[in-house]
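S.K.: Below you'll find the structure I mean.
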Amino acid sequence: MPGISQQTLSEALGIDRNNVSLIADKLEARGLLKRSVNGADRRARELYITPQGKKLWRRCRSGVREANDRILSCLTAKEKELFLDALLHVVNANRVHARPGGGRRKRGSIKPSLTA
């Protein structure tokens, strides 16, 4: 998604926005990613994969696909479909927990038991 904002990427991946910024710093330093300031919101950064980044992504993509195929080879086509649907359901249902502190109780918010 050329031009995706760091914030949108953070939300899509369930990664803290500060960590996305650190990752983007490293990818940019390696020449795999280019960041630019959003014209409408000077605080926002847009991310673009560089030609070098695309080349690396293409090289890795087939290996990832092969690994996934190998792992799921014990399943029939229908079982794969059901498995992936169920996995997506679990991930989407738990997005609140994906960010640091997300969905967790604050310290001291659990009332002590009177019977203990």
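The values are calculated or read from the model by the stated rules, or taken from the named source; none is laboratory data. Given the structure is predicted, the values throughout are model-derived calculations rather than measurements. Cβ placement follows ideal geometry from the backbone for every residue including glycine, while neighbour counts extend to all protein chains displayed.
S.K.: For the list (1) exposed (fewer than 12 other Cβ atoms within 10 Å of the Cβ); (2) touching a residue at least 24 places away in the same chain (Cβ under 8 Å), I need the number of the one condition that residue 27 fails.
M.R.: Going through the list (1) exposed (fewer than 12 other Cβ atoms within 10 Å of the Cβ); (2) touching a residue at least 24 places away in the same chain (Cβ under 8 Å), residue 27 breaks only (1).
S.K.: Does at least one position in the range 72-93 carry a residue that is surrounded by 11 or more Cβ atoms within 10 Å (Cβ to Cβ) and polar (S, T, N, Q)?
M.R.: no
S.K.: Return only the number of the condition from (1) part of a helix (DSSP H, G or I); (2) at pLDDT 90 or above that residue 96 does not satisfy.
M.R.: Status for residue 96: all satisfied but (2).
S.K.: Would you point out which residue out of 65, 43 is within 25 Å of residue 20 (Cβ to Cβ) and assigned by TED's automatic domain parsing to the domain that holds residue 17?
M.R.: 43
S.K.: Continuing with the same structure: Would you confirm, using the coordinates I've provided, whether residue 2 is more than 28 Å from residue 96 (Cβ to Cβ) and free of Cβ contacts under 8 Å to residues at least 24 places away in the same chain?
M.R.: The answer is no for residue 2.
S.K.: Sticking with this structure for a sec: If I ask for residues that are of a type in the set (Gly, Ala, Ser), in contact with a Leu (Cβ under 9 Å, 6 or more places away or on another chain) and not in a helix (DSSP H, G or I), which ones from the range 1-41 would you list?
M.R.: Of everything in the range 1-41, those that are of a type in the set (Gly, Ala, Ser), in contact with a Leu (Cβ under 9 Å, 6 or more places away or on another chain) and not in a helix (DSSP H, G or I) turn out to be 3, 5, 36.
S.K.: I'm trying to understand the selection: among the residues of the range 22-66, which are under 18 Å from the mean Cα position of the chain (by Cα), among the basic types (Lys, Arg) and over 17 Å from residue 9 (Cβ atoms)?
M.R.: 61, 65
S.K.: I would also like to ask the following. If a residue must be in a loop (DSSP other than H, G, I, E, B) and either aliphatic (A, V, I, L, M) or surrounded by 11 or more Cβ atoms within 10 Å (Cβ to Cβ) (or both), how many such residues does the range 42-71 contain?
M.R.: 2
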